[in-house]
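All remarks here apply to the structure that follows.
The values are calculated or read from the model by the stated rules, or taken from the named source; none is laboratory data. Being a predicted model, the structure only gives us computed values, none of them experimental. Glycine gets a Cβ as well: all are built from the backbone with ideal geometry, and neighbour counts include every protein chain shown. Remember, those area values only see protein heavy atoms, side chains included, never the ligands or the DNA or RNA. Shrake-Rupley method; radii C 1.70, N 1.55, O 1.52, S 1.80 Å.
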Amino acid sequence: MTRPKAASERFVAQLPDDVRSCLQPIYSPLLDLQPTDTSIDLQDTRGLIFTSMNGVNVAARQLEGRDLPAFCVGVATTQAARKAGWDARFAGESSEVLIASLLNERPVSPLLHLRGEYSRGRLAETLTRLGLLVREAVIYQQRLLPFTEEALATLAGETPVLAPLFSPRTARQFADLHRGRAPLWLAALSEAVAKPLESLPFERLKIAKRPESEAMARTIEKIVRRANRVEGN
């Protein structure tokens with residue numbers, strides 16, 4: 001598991017019991033998320049945009065009020081924002097869908113996109129250019145990390161390794177660091193996440209039908225059942 005430990009544990013917990021029983025989780029986060037010193041300025045802001053749970057969690061620790069609507073990418077992000085107290089609205093499974101949704105709805109602006117240091121799609125710039133004023137604030141950093149010693153030893157062995165990858169940046173880091181010989185079974189959240197993995201010597205690379213946690217869990221379930229048939233359990 002290459003996500004931060006808490007997010008990885010939540011993902012493993014949502015897998016079916018019979019699937020979890022086939023797996024030995026190894027936690028090797030490839031990103032270290034740290035809040036920046038940015039102070040979130042809500043002056044004149046009429047709504048928030050969250051494109052990740054990380055943005056929700058960091059903003060929730062800094063902001064006291066929850067009176068602004070929050071437009072979110074992904075079911076998990078929307079649920080996290082609602083749990084934190086915002087009037088959170090699911091606006092699509094990707095930034096592209098969110099852009100189309102906001103342009104169709106035309107909510108009162110300006111909106112503020114609270115994001116990490118690395119973000120795809122130039123969301124604020126695109127929406128502003130198309131007539132919906134959106135500002136942005138970088139509220140957390142994403143520092144790349146190496147594999148843990150346990151992960152390196154496992155990848156160097158002969159036991160099959162199943163690796164779920166959730167972002168293009170962690171997928172690129174995984175591909176750059178990988179030097180092992182263990183059979184690789186890879187699950188990618190999207191086509192963009194799968195792209196950096198294509199150079200690896202994998203047994204199978206499967207892309208989730210939708211870029212969300214539940215679809216990834218079903219993808220893992222399918223890979224495990226197939227791997228058990230191929231590897232003889």
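What the table shows:
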| read-out | value |
| --- | --- |
| Shape call, the range 1-47: gyration tensor on alpha carbons, a/c limit 1.5 | oblate |
| All aspartates and glutamates inside 15 Å of Lys206 as judged from Cα atoms, apart from same-chain residues fewer than 8 positions distant | Glu191, Glu198, Glu214, Glu221 |
| Carbon plus sulfur fraction of accessible area for the chain, probe 1.4 Å, in percent | 47 percent |
| The chain: most fluctuating residue of Ala188, Ala153, Ala215 per GNM, C-alpha cutoff 10 Å | Ala153 |
| Charge dipole magnitude, Cβ of K and R +1, D and E -1 - the range 75-120, Cα centre, debye nearest 20 | 120 debye |
| Amide H within-cut-off set for Leu48, under 5 Å, with H built and near neighbours excluded | Ala70, Phe71, Leu112 |
| Translational D in µm²/s for the range 159-233 (Stokes-Einstein at 37 °C, 0.692 mPa s, Kirkwood Rh from C-alpha pairs) | 267 µm²/s |
| Rotationally averaged projected area of the range 185-229 (alpha carbon convex hull; nm²) | 2.9 nm² |
| For the range 77-120 versus the range 163-198, the gap between their alpha-carbon centres in whole angstrom | 26 Å |
| Computed accessible area, Arg89, all protein chains, 1.4 angstrom probe, square angstrom | 90 Å² |
| Relative contact order (%) - criterion: Cα under 8 Å, at least six apart; region: the chain | 19 percent |
| Eligible lysines near Lys209 by straight Cα distance, threshold 17 Å, same-chain separation 8 or greater | Lys195, Lys222 |
| Accessible-area order (highest first, 1.4 angstrom probe) of the listed residues Glu149, Glu136 | Glu149, Glu136 |
